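Enquirer: Can you keep this structure in mind? I'll have questions shortly.
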Amino acid sequence: MLTASRRMDNAWMTLDQRGSPPAELLSADIYDSWMRCISLGLDTLRPPSPELVSSAVLRQEQQRCSLIRGLALAEMHTLHQQIAGSNFMIAFANADGLLLDIISDSSFSDASNAASIRPGTIWTEAICGTNGLGTAAYLKRAIVVHGGEHFFSRYNNLTCIAAPIFAPDGELAGILDASSDCMSRQAHTQALVAMAATQIENGLFREHHRGNILIAFHNRGEYLHTLSAGLLAVDNEGRILAANRAASVLLHGLPASPGRRFADVFRTKFNAFVDEGRRKERQRLEDEVGSQFVATIENARQFSMMQAISRPRPSTPKDVPTQFVSADPAIASVVQRVGVAAIRRMPILIRGETGTGKEQLARHAHTASGRAGAFVPVNCAALPDSLIEAELFGYADGAFTGAKKGGAAGLFKEADGGTLFLDEIGDMPVTLQAVLLRFLDDWTVRPVGGTKRQVDVLLVSATNANLDDSIAKGRFRSDLLFRLNTLEVTLPPLRERSDFAEIARHLIHKIDPLMDLTEGAIDRLAEVDWDGNIRELRNVLSRLSLAEPGDLIDETSVESVLAHSGSVRLTGKAVGGGLKANLHEIQRSHVLTAYAETGNNISKTARRLGVSRNTIYRALRGNKD
C-alpha cells in the first residue's frame with residue numbers, strides 16, 4: 001500500500017507525463033481543483049506572481065468589511081494562542097480571496113514561502129492554483145490542502161486548513177485559514193478553525209439581528225451557550241427572520257425559513273414564550289414534531305427595554321451605562337456578550353495585550369450585572385505569594401504571626417454580592433490555583449484559621465499572557481482555565497480597531513471636556529503603532545492637552561509632541577530648566593491620567609499615586625512649585 005507521500009510523488013509524475021492528474025491517487029476535492037487549474041491554463045512550472053492590490057484598495061476593503069474583520073481578528077488571536085508550536089500563520093480573506101489580515105510568528109514570517117503571503121494579495125484558484133483560501137472559497141466548505149496537494153510547488157512545504165464564513169443571508173462573507181509548515185501539522189487544528197469560523201458567523205448573526213428577538217436553543221441544556229446551539233431571530237409579531245446553521249440542523253424538515261411564523265415550527269405559543277423569557281433565563285420549547293428543547297431569549301433584557309420604551313410609561317428605564325467605547329462592531333459584540341454573561345453570573349475571562357481596556361470591560365460587566373455589591377479589583381501579580389491566599393480568602397484573629405487583630409474578611413468576602421476582578425490571572429501561583437479551583441466548585445470561602453462561608457461573586461479574570469503556553473509549561477492549570485472561561489473574549493490591540501477616532505475623542509474629553517481633536521490630528525495619531533494600546537494613547541493625549549494652549553488639537557500639535565516623545569524618557573540630554581519642565585510635565589501627566597481614571601476623584605487619585613491631596617490640587621491648577 002502506497003504511503004501518502006508516495007501517492008503524491010506518483011500523482012505529480014503522472015501529471016508531468018500525461019498533462020492530467022490521476023483521479024485514483026488524489027482526493028476528489030484536490031483532483032477537481034487540479035482539473036480546474038489546468039482548464040484555466042495554469043502551468044505548474046510557471047506559477048504567476050501573486051496579484052497585489054494597492055494599499056488604498058486594501059484599506060478600502062478592510063473598512064468595508066469592518067464588522068466581519070473585527071470579529072475575525074478576535075478569533076484569529078484566540079486561534080493563534082490555541083494552536084501549539086511555532087511556524088504558524090492565521091489568515092483572513094474576503095469572499096473574493098483578497099487577504100485582509102494575517103497573524104503569524106516570526107519563524108513563519110521569515111520563511112521563504114511566506115514572502116508572498118501578505119495582506120493585499122489575492123488567493124483565488126485562478127491566480128494561486130489549489131490552495132486553502134482559494135479552494136475553500138470555490139467549494140464554499142472547509143478543506144485541507146497538505147503539502148504536494150498545492151498546484152504550485154512553491155507551497156508544497158505548507159499545510160493550509162481553511163473554512164468559509166457565511167453571512168446571515170447565507171452568502172459567503174469570508175474565509176479563515178490556518179497555515180503551517182508540513183512538519184507542524186496538527187490533527188485538531190481543522191476542528192479549531194471550523195469552531196472559529198462558526199463563532200464569527202454567530203457574531204455576524206447576532207450583530208445583524210441585534211434589534212430583533214434572539215432565541216438560542218438546544219436539545220441539551222448544557223449546550224445552550226455553545227457553538228452547537230441554534231440561533232433564531234424573530235420579530236415582535238413572531239415572524240421568523242433568520243436561522244443560523246445549527247438551528248437549521250436542529251429543526252431539519254420544519255418550516256423555519258424566513259417569513260414563516262414561530263407557531264409554524266413550535267407548539268409553544270409565541271406570546272407565552274416571550275413573557276416567560278422575561279421572568280426566567282431558561283424554559284422548555286417543543287417543536288411541531290414533539291422534539292424538546294431548552295431555550296433562552298438571549299436579549300430578553302434589551303427586548304423588554306425596547307418594548308417598555310415603545311409604550312407610554314411614567315418613566316423611561318435606563319440603559320446599562322458604560323465607559324467602554326464600542327463603536328467597532330466587533331467590540332460591540334464583545335460588550336454585548338459580556339453583559340449577558342454577567343447577568344447570568346457566568347465566569348468571564350478577558351484576554352488582550354497590555355492597555356487594551358480589560359479592566360474597563362470588567363467594570364462594564366459589573367455594571368451590566370446589576371449587582372449591588374462592590375467591584376473589587378485584584379492584581380494577582382502584585383500580591384506576595386505568601387499572603388495571596390490570606391488576601392483573597394481572609395483569615396481569623398491570630399491565624400498566623402503578624403495577622404491583624406480581629407482578622408480580615410478577605411477580598412472574596414468584600415466582593416460578596418458584587419464582582420471580583422482578578423487581573424493578571426496568569427501570574428497566580430500554582431499552589432493557589434488549586435485553592436481557587438476548589439472555591440469555584442461550591443463558591444465557598446475558607447478563611448485561614450476560620451470557618452467557611454458561601455459568597456455570591458461574579459468572577460471576572462484577565463490576562464495578557466498566553467495561558468495555553470503556560471499550561472504546556474506547567475505554570476497554569478488547564479482545569480482552572482476551563483472554569484474561568486465559561487465566556488472568553490479577546491480585546492484586539494488598538495491598531496486593529498475600527499473605532500480609533502471615537503476612542504481618541506472619548507479620552508481627550510475625559511482629560512479635558514473643553515478640548516477636541518481635528519480630523520487631521522486623529523489621522524496622524526492613527527498612524528502610530530501604539531504598542532501600549534489605549535493606555536499609551538491616553539498618556540500622549542495628556543501631554544497634548546498640556547502642550548496645546550487652545551481648545552482644539554490639530555495635526556501640527558500632534559507632530560510636535562510625537563517628534564519630541566523621546567525627551568519624555570529623560571535620556572540625559574535635557575538640562576537645567578528644560579529638565580525641570582519635563583519633570584513637571586511628566587508628573588502632571590501622570591496626575592491627570594490617574595484623575596481621569598478615578599472619575600475625577602481627588603482622594604482616590606492621591607491614594608493611587610501615593611501623594612498628598614495638595615499635590616493633586618497643585619497639578620490640576622498647573623502650578624510648578
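The values are calculated or read from the model by the stated rules, or taken from the named source; none is laboratory data. It should be emphasised that the depicted structure is a prediction, and the values quoted were computed from it without experimental measurement. Every residue, glycine as well, gets a Cβ built from its backbone with ideal geometry; the counts of neighbours run over all protein chains shown.
Enquirer: The conditions are (1) over 25 Å from the mean Cα position of the chain (by Cα); (2) at pLDDT below 95, and GLU222 fails exactly one of them. Which is it?
Expert: GLU222 satisfies every listed condition except (1).
Enquirer: Would you confirm whether any residue within the stretch 542-555 is loosely packed, with under 14 Cβ neighbours inside 10 Å, outside any loop (DSSP other than H, G, I, E, B) and in contact with a Lys or Arg (Cβ under 8 Å, 6 or more places away or on another chain)?
Expert: no
Enquirer: Which of the residues belonging to the stretch 442-495 are among the polar types (S, T, N, Q), closer than 21 Å to VAL376 by Cα and not in a strand (DSSP E or B)? Walk me through it before giving the result.
Expert: Going residue by residue through the stretch 442-495, those that are among the polar types (S, T, N, Q) are 444, 451, 454, 461, 463-464, 466, 470, 478, 485-486, 490.
Pick out the ones that are also closer than 21 Å to VAL376 by Cα and you get 444, 454, 461, 463-464, 485-486.
Once the filter is applied, which keeps residues that are among the polar types (S, T, N, Q), closer than 21 Å to VAL376 by Cα and not in a strand (DSSP E or B), the stretch 442-495 yields ASN464, ASN485, THR486.
Enquirer: Being closer than 21 Å to GLY203 by Cβ and touching a strand residue (DSSP E or B) at 6+ places or on another chain (Cβ under 6 Å): is that true of LEU494 here?
Expert: So LEU494 fails the test.
Enquirer: Of the residues that make up the stretch 499-506, is at least one closer than 25 Å to ILE102 by Cα, among the charged types (D, E, K, R) and assigned to a strand (DSSP E or B)?
Expert: No, every residue in the stretch 499-506 fails to be closer than 25 Å to ILE102 by Cα, among the charged types (D, E, K, R) and assigned to a strand (DSSP E or B).
Enquirer: Now for a separate question. From ASP499, ASP523, which residue is assigned by TED's automatic domain parsing to the domain that holds ASN600, buried (at least 17 other Cβ atoms within 10 Å of the Cβ) and of a type outside the set (Ser, Thr, Tyr)?
Expert: Within the list ASP499, ASP523, the selection yields ASP499.
Enquirer: Turning to a different aspect of this structure: Being among the aromatic types (Phe, Trp, Tyr), at pLDDT 85 or above and either touching a His at 6+ places or on another chain (Cβ under 7 Å) or more than 30 Å from ASP529 (Cα to Cα) (or both) is the filter here, so list the residues in the stretch 446-504 that pass it.
Expert: The answer is PHE476, and nothing else.
Enquirer: Would you say GLU201 is of a type in the set (D, E, K, R), buried (at least 24 other Cβ atoms within 10 Å of the Cβ) and either assigned by TED's automatic domain parsing to the domain that holds ARG278 or in contact (Cβ under 8 Å) with a residue 12 or more places away in the chain (or both)?
Expert: yes
Enquirer: Related question: Just the residues that are hydrophobic (A, V, I, L, M, F, W, C) and surrounded by 20 or more Cβ atoms within 10 Å (Cβ to Cβ), please, taken from the stretch 456-480.
Expert: Matches in the stretch 456-480: VAL457, LEU458, LEU459, VAL460, ALA462, LEU467, PHE476, LEU480.
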